[in-house]
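Data first, discussion second: the structure below is written as structure tokens.
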Amino acid sequence: MTSRKKPFSASLAQADRRFHSLNLLLADYEPIVDLARDEAILDNKQPSSRYGSRDYADNRFYKNLSMPLGPVTPGEAGAGGASEPGASETAPAAPEAQAAPAAPAAPLDPSKYFVLWACCLAVDGASRSLVCDLQRSTFTFIPNVLVEILELCKDRPISAVYEHYQHQHDQQIDEYLQFLISKEYGFLSASPQRFPAMSLAWRSPRTITNCVIDFAAGTEHPLASINEQLSTLFCQAVELRFFYAASLAELSGVLEAFVDSTVRGISVLTGAHPTVDRAALELLLRQHKRVKHVTVHSTAAHDEIVRVDLHTTLRFTSEQVTSEACCGQVSPRYFNCNVEAFTEAVEHNSCLHRKVSIDARGAIKNCPSMAHSYGQIGDTPLLQVVAQDHFQASWKVTKDQISVCQDCEFRYICHDCRAYVADPAQPLSKPARCRYNPYQGRWE
Amino acid sequence: MILLLSSSSDTNLDFVIEWLTFYGHPYLRLNADDPLHDAFHLALNPPEPPRLMVRGAEVELSAIGAVWLRQFGNLRRSRYWFDAKNRVRPDALEQISREQSILLGGLLSLLSGKHWLTHPSRTHVNKLDMLVQAGRAGLVVPQTHVINRKSDLRALIERGDYICKSLYEPMFLKDGSGFYAMFTTKVTHEDLELLDDELAPSLVQRLVPKEYELRVFYLAGQCYSMAIFSQQRARSALDFRNVDWTDPPRQVPYELPPEIAEAVHRFMTGIGLNCGSLDLIKAQDGKYYFLEVNPAGQFGMVAFPCNYPLYEKIALHLIEHDKS
Ligand code: SF4
């Protein structure tokens, strides 16, 4: 705050300064760092007659369907917190190893309370636990005993926590708490009653928040009607998945149907087609501001991630996505560590809740990979399907009911899969494509 | 029916509209710039009751029970202004904008008997008056001066640390490939060199060393508060708006001490506001200082990080008063 680079007054003649007020004279010059980015933010607007806004900008769109929220560039791996399966092996299960490099901090004042920030939540697992930082979308492993200590910290000062363990572990407790403070997961307070826990209630007025629409070559969906119906349900996010190489003209024809919509974010997954190159896609993104992510699959050995602007990414991958059977992977890349996703997972299914899907043959389903169809999109209204108890039953399946997952520290940030389960005879068994073993704390 | 009066760029309304739909309650959204785009007809033929037609449909004025008023105006941020500014002479545009504000004012007076969430006479507050009123309601306010002589300013900063801020809403002055940002700034001795002996009347306040900052969304007697640990970052230490969003300070739910919540309630009732956002500081001296109140605050910044259901609360408040 002290070094003033270029105040407004410096741009004025001395004699003119007296005509100005102090706050104007001291206003500091800030160069626009990234004009293109700032304009993209201002420009991130699309109309919706449903709301009566002439345009709106909204990036509160957390069901990032086809785009993993994990690291988008290799360098960001650590910052995202969601390390690749292999990498989590090296993450220390006990914090000492990480805390060690920090200079020995001053001893904690034992008369104070240790308060975990309300946005940082401890989740216990069978072999280790997590602190999920829902504000910064990161997580850190902690030993299970620390969850117990944190529980005690909720209603007593640190001195009483020492006492609880008969002063056998004062130093260890200090080290743990210092570690959490150094990571900015918690702080000391003399008035913890001022810092209540955050409510974990998930409330939404929208009947449907997200929708998956699949396309195979030759699929003809009544898109205008789908958009109209989804807007009536206040749907926010749509994922369009093309299991073949759609041309640019086809893609833009499909997106045209969503020009006036309550949908705030669209992600597109499509096969590599000669007309779908980076330049063409960037142009497409400029025309259709709702499109936040495009993933081009089945490229000839082309893997690239392009950040078009703050809200928009473009991804090329040689991975092949030829049918709905390619879904259901579980990996830290897909973990969703934010307030909306975490609170939703506490009482609902983290994949299927408030989702409706239309498969490549036009069948209305919970998920395109599931067998049960509730009717064809051409003749069955979505509103009628999504209101059915049977349709909503899978919305209520939480990770706490699923075997193995219920013992896993990732259970509120990991998205579920009910289409491919480990033991088809046991509907409540864990996702088949998860390689994590919470009892060992290892990806296998 | 609930009437929502705002501007077409206010996305807060979208969220409230979703809740009104969820509860199956009828509403009409009217944006300040709608009359400049959509079919609009107001007919005044006393003693007949006034008639209003929007987008070809008659609006039953007598069926309106509650009105939510937010940023109903601000033509300069509308799509109309954007389209018209290069096609209409500046003086003519100025005239149209004044005519438009008479129309909006007239519409508001047609609705005078309704339940208002923010009464039209309360949408603009005076920073200086608010300090006086807050003090009267029992809130502590920072020592404040309005000065126009460098000598007075020097005398102040020789006695302690002072900040300056704008008497009105701060603004950004665009210049080349950047802008001058009017943030709350500490006044230093070097700054005095930049001044003439005289200056336009300017607001100066005693710097209150913060423990943390508080944003309070007040709605009909309830306080929904958030603590911001802006002291964690040098950039945002004096002005939270100057925050680095890639590494934001902690923002967590906060429970005001009952006597502060009561004083906030007394203050808001006293100035006739049933809704608004307040800025407070929990100071290192242990006291809670009132800084400002904003009748049309961005409460999304409190609702989302703290998981407060504020959009639903507003919808329910409107529904309740629309019925009675
Ligand atoms: S065990 Fe369950 S909760 Fe844990 S990572 Fe696997 S699928 Fe996710």
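When you restrict to C-alpha pairs under 8 Å that are six or more residues apart and normalise by the size of chain B, the relative contact order lands at 19 percent.
Where the only charges are on Cβ atoms (+1 Lys, Arg; -1 Asp, Glu), what is the dipole of the protein assembly as shown about its Cα centre, to the nearest 20 debye? Spell out each step's value before the answer.
Working: 76 positive and 89 negative charges, 206 e Å.
That gives the protein assembly as shown a dipole magnitude of about 980 debye.
Semi-axes of chain B's equivalent ellipsoid from the Cα gyration tensor, sqrt of 5 times each eigenvalue, largest first, rounded to whole Å? All intermediate terms of the calculation are to be shown ahead of the outcome.
Values: eigenvalues 284, 133, 69 Å².
Its equivalent ellipsoid spans semi-axes of 38, 26, 19 Å.
Cα centroid separation, the stretch B:161-199 to the stretch A:181-205: 36 Å. Of the trypsin sites (Lys or Arg not before Pro) found in the stretch B:28-136, those that fall in a DSSP loop while having at most 11 other beta-carbon atoms within 10 Å are B:K85, B:R87.
Other chains' Cβ within 10 Å of A:222-234 residues: what's the mean? Before the final figure, lay out the partial values.
On the way: counts 0, 0, 0, 0, 0, 0, 0, 0, 0, 0, 1, 1, 6.
Other-chain Cβ atoms within 10 Å of each residue's Cβ, averaged: 1.
Computed extension gain for A:R433 through A:H390, at 0.36 nm per residue and net of the alpha carbon distance, reaches 12.9 nm. The GNM of chain B, with springs linking C-alpha atoms under 10 angstrom apart, assigns the highest mean-square fluctuation among B:G135, B:G24, B:G65 to B:G24. The Cα-based radius of gyration and maximum Cα-Cα distance (Dmax) for the protein assembly as shown are 28.3, 87 Å.
Protection proxy ranking, highest mean first, for peptides A:145-151, B:269-275, B:249-255: B:249-255, A:145-151, B:269-275, where packing is the per-residue count of other beta-carbon atoms within 10 Å, averaged. Of the GluC sites (Glu not before Pro) found in the stretch A:297-397, the ones in coil according to DSSP and having at most 13 other Cβ atoms within 10 Å of their Cβ are A:E319.
Build a GNM of chain B with springs between Cα atoms under 10 Å apart, and of B:R206, B:R266, B:R159 the one that fluctuates most is B:R159.
Shielding value for B:12-19 is 5, the average number of Cβ atoms from other chains within 10 Å of each residue's Cβ.
Remark on the stretch A:174-216: accessible area falls by at least 40 square angstrom from chain-alone to full-complex state for A:E184, A:R194, A:F195, A:P196, A:M198, A:R203, A:P205, probe 1.4 angstrom. Measure off, as a whole percent, the carbon and sulfur share of the 1.4 Å-probe accessible area of the protein assembly as shown, all protein chains present. C and S atoms contribute 53 percent here. If you run the Gaussian network model on chain B, springs between alpha carbon atoms under 10 Å, then out of B:N31, B:N74, B:N86 the most flexible one is B:N86. Surface burial for B against A, with a 1.4 Å probe and both sides summed, reaches about 5600 Å² of accessible area. Tell me the mean residue ellipticity at 222 nm calculated for chain B from its helices only (DSSP H runs of n ≥ 4, each -39500 (n - 2.57), averaged over every residue, nearest 500). That comes out to -9000 deg cm²/dmol.
Each Cα pair under 8 Å and six or more residues apart adds its sequence gap; the mean of these over the residue count of the stretch A:238-279 is a relative contact order of 65 percent.
Give the accessible surface of the stretch B:59-142 per residue, rounded to a whole number of Å², with probe radius 1.4 Å and ligands, DNA and RNA excluded. Mind showing how you got there, number by number?
Numbers: 4730 Å² over 84 residues.
It amounts to 56 Å² per residue over the stretch B:59-142.
Of the cross-linked pairs B:K165/B:K210; A:K365/A:K396; A:K6/B:K282; B:K150/B:K186; B:K282/B:K313; A:K154/A:K183, which ones have a Cα-Cα span greater than 23 Å in the structure shown?
Values: B:K165/B:K210 17 Å; A:K365/A:K396 16 Å; A:K6/B:K282 31 Å; B:K150/B:K186 15 Å; B:K282/B:K313 26 Å; A:K154/A:K183 19 Å.
Exceeds cut-off: A:K6/B:K282; B:K282/B:K313.
Restriction of the chymotrypsin sites (Phe, Trp or Tyr not before Pro) in the stretch B:106-211 to DSSP coil positions whose beta-carbon has at most 15 other beta-carbons within 10 angstrom yields B:Y168.
The values are calculated or read from the model by the stated rules, or taken from the named source; none is laboratory data. Fair warning: this is a prediction, and the values are worked out from it, not measured in the lab. Using ideal geometry, Cβ is built from the backbone for each residue, glycine included, and neighbour counts are taken over all protein chains shown. Accessible surface is based on the protein model in full, side chains and every heavy atom, while ligands, DNA and RNA are left aside. Shrake-Rupley method; radii C 1.70, N 1.55, O 1.52, S 1.80 Å.
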